[in-house]
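Structure first, then comments.
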Amino acid sequence: MLNFAGKTDVGRRRDVNQDCFYLRQLSDGAVLAILCDGMGGASGGQVASETAVRTMAQRILKDYRRDYKPVSIRHMLSSAMSAANSEVFAMARRNPALKGMGTTAIAALIREGAVYLLHVGDSRCYLIHEKGVRQMTRDHSMVQLLVDRGEITPEEAKYHPERHFITRALGVGENLEADYLEESVPAGSWVLLCSDGLSNHLDEEDISSIISGHTPAEGVKELVDRANVMGGTDNITAVLIENRGR
């Protein structure tokens, strides 16, 4: 049985919330979770994230079948994200006011003790279990490239002046390069999707301690509230899915 909740907040420094998420349980009990963090101009980021979320959700709800094998789920997520990329890119070309807009994107399907996930940008997915918290996604960002090259440490990356620069995004080009992963989600564990407005303020130890003993609805509220207490420098979004077992 999956229990889930999501929450988004504008934060304390922004006037517009450019984060957007979608969360729904499907007919076979699987949970679909989509999260986007937009960028670009006064309104472009909001348009990009909302358009991407809507396009992906519509495509997945139309295409999903309960008898899909993992390879079919991967193709479905890829097709949905490609469609969203094309839609956002086309909108930006048609409207000069939206030029340069784009968004991070995570599309995840959780079912039968596993998560199937496609992502681009620096929004993150964590697996939380009794042994701790592990980041499953790898940021597509300038600072992650510097860490990979050994030029800075992960700790230095948290405060680097280029930490907000991402190297991949949905909607900024005709072609999209996204990363796919499949992970086991054992009974008693959680999947957390979040924008960088959360991960920039809370580390893995914070996340684990905040979620412990809470329901998903309580957990997302506590995560967002804590990120705001820590500064709320960006829009904040958290989506939690708990695998409670049978």
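Out of (1) closer than 21 Å to D28 by Cα; (2) crowded, with 18+ Cβ neighbours inside 10 Å; (3) more than 20 Å from the chain's Cα centre (by Cα), the odd one out for A107 is which?
Only one criterion in (1) closer than 21 Å to D28 by Cα; (2) crowded, with 18+ Cβ neighbours inside 10 Å; (3) more than 20 Å from the chain's Cα centre (by Cα) is unmet by A107, namely (3).
Just to be sure, is D37 of a type in the set (D, E) and open to solvent by less than 60 Å² (accessible area, probe 1.4 Å)?
yes
Can you pull out every residue in region 155-200 that is at pLDDT below 70 and either under 24 Å from M56 (Cβ atoms) or of a type outside the set (A, V, I, L, M) (or both)?
E155, E156, K158, Y159, H160, P161, E162, R163
What residue, of S189, S195, S208, is touching a His at 6+ places or on another chain (Cβ under 6 Å) and closer than 17 Å to R124 by Cα?
Answer to the check: S189.
Please indicate, with yes or no, whether at least one residue in region 146-153 is out of contact with any Lys or Arg (no Cβ under 8 Å at 6 or more places or on another chain), loosely packed, with under 15 Cβ neighbours inside 10 Å and outside any loop (DSSP other than H, G, I, E, B).
Within region 146-153, one or more residues are out of contact with any Lys or Arg (no Cβ under 8 Å at 6 or more places or on another chain), loosely packed, with under 15 Cβ neighbours inside 10 Å and outside any loop (DSSP other than H, G, I, E, B).
Looking at G113, G100, which is the one that is surrounded by fewer than 16 Cβ atoms within 10 Å (Cβ to Cβ), touching a residue at least 12 places away in the same chain (Cβ under 8 Å) and over 21 Å from N235 (Cβ atoms)?
G113
Conditions: (1) at pLDDT below 95; (2) crowded, with 18+ Cβ neighbours inside 10 Å; (3) in contact with a helix residue (DSSP H, G or I) (Cβ under 7 Å, 6 or more places away or on another chain). R138 meets all but one. Number of the miss?
Evaluating R138 over (1) at pLDDT below 95; (2) crowded, with 18+ Cβ neighbours inside 10 Å; (3) in contact with a helix residue (DSSP H, G or I) (Cβ under 7 Å, 6 or more places away or on another chain) leaves (2) as the failure.
Return yes or no: is S49 surrounded by fewer than 18 Cβ atoms within 10 Å (Cβ to Cβ) and within 28 Å of D15 (Cα to Cα)? Break it down into steps so the answer makes sense when it comes.
Values: surrounded by fewer than 18 Cβ atoms within 10 Å (Cβ to Cβ): no; within 28 Å of D15 (Cα to Cα): yes.
Here the answer is no, as S49 does not meet what is asked.
Looking only at residues in region 53-97 that are acidic (D, E) and in contact (Cβ under 8 Å) with a residue 12 or more places away in the chain, which one is surrounded by the most Cβ atoms within 10 Å (Cβ to Cβ)?
Per the criteria, the residue is E87.
Say we look at region 112-138 and pick out the residues that are among the small types (G, A, S) and part of a strand (DSSP E or B); which of these is nearest to A187 (Cα to Cα)?
Among them, the one singled out is A114.
Residue check: is S199 open to solvent by 10 Å² or more (accessible area, probe 1.4 Å), without any contact (Cβ under 8 Å) to a residue 24 or more places away in the chain, within 27 Å of R13 (Cβ to Cβ) and not aromatic (F, W, Y)?
Considered against the rule, which asks whether it is open to solvent by 10 Å² or more (accessible area, probe 1.4 Å), without any contact (Cβ under 8 Å) to a residue 24 or more places away in the chain, within 27 Å of R13 (Cβ to Cβ) and not aromatic (F, W, Y), S199 comes out as no.
The values are calculated or read from the model by the stated rules, or taken from the named source; none is laboratory data. Predicted model, so just to flag it, every value in this text is computed and none were measured. Cβ coordinates were reconstructed from backbone atoms using ideal geometry, including for glycine residues, and neighbour counts include every protein chain displayed. Calculation scope for accessible area: heavy atoms of the full protein, side chains included, ligands and nucleic acids excluded. Shrake-Rupley method; radii C 1.70, N 1.55, O 1.52, S 1.80 Å.
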